[in-house]
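In what follows, a structure is listed as structure tokens, so that the remarks can point back to it.
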Amino acid sequence: MDTDVQLTERDPSPAPDQGPEQGSRFARFTARLAGLRHRPVTLLALCLAFVLLLSAFVAQPFLIPSSSMENTLQIGDRVLVNKLAYRFGGGPARGDVVVFDGTGSFVHREQGENPVTGLLRATGAALGLARPAETDYVKRVIGIGGDHVTCCDERGRIEVNGEAVREGYVHPGDAPSSVTFDIVVPEGKLWVMGDHRARSSDSRDHLGDPGGGTVPVDKVIGRADLITWPVSRWRTLSAPIPAAAGPRG
């Protein structure tokens, strides 16, 4: 009996958590627990990456920085810019509100910016939280390639291909234009103007520049389709009346 007792004391059963398999499972479980601490950050990074990709290729929120498109668009409005609107055939139409890069048409100088500041601003702009680049503009298309656009007829109206344009969107109290012009829009270009004609720097202000104030179609970032913020101003942006102008040429 004494011997049996001694043998039992010398040969205890191994603890369940001391085997190699059990140790491996415990290590994996610990690693998972440690990973949970970083999951919110990972999810946030993935969400941010997804939104930035969506903004780069599909639709981008755009913060309206000036009064040049009042009353259609007001300072601080966020509009959703459809980047696929002209991607699969067709191009900007008369009356479309478009966002475009004015480099080479409205801007003819280098825009210096600190790289870090530029990256932060670009990220904020892509999310609709910061002002867009100084080279980005939002205007309404008045004439497309081949159109003969003139101002003004005897009643002070802009004409497109000999037809007066009914511009109900022009800011109350503004004339269609205080600048006279007569231009045939080259193919692949656009003649654009702001709705607040008295406060808009647009194609009229660049008549003497290369391109004669027109904007290349391939510089169009997208079409502004929807006001998303503030909620009280939520609505779609239609393309009224200029599309009913006379035939091209």
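The values are calculated or read from the model by the stated rules, or taken from the named source; none is laboratory data. Quantities reported herein were computed from a predicted structural model and do not represent experimental measurements. Reconstructed Cβ throughout: ideal geometry from the backbone, glycine too, with neighbour counts over all protein chains shown. Heavy atoms of the whole protein, side chains included, go into the accessibility calculation; ligands, DNA and RNA do not. Shrake-Rupley method; radii C 1.70, N 1.55, O 1.52, S 1.80 Å.
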Item to check | Selection status of Leu119, open to solvent by 30 Å² or more (accessible area, probe 1.4 Å), under 21 Å from Asp225 (Cβ atoms) and at pLDDT below 95 | outcome: no
Next on the checklist: Just checking, does segment 238-245 include any residue being loosely packed, with under 15 Cβ neighbours inside 10 Å, under 18 Å from His108 (Cα atoms) and modelled with pLDDT under 95?
Outcome noted: no
Checklist outcome for this item: The condition of being modelled with pLDDT under 95 and not acidic (Asp, Glu) holds, among Gly143, Gly211, Gly188, only for Gly211
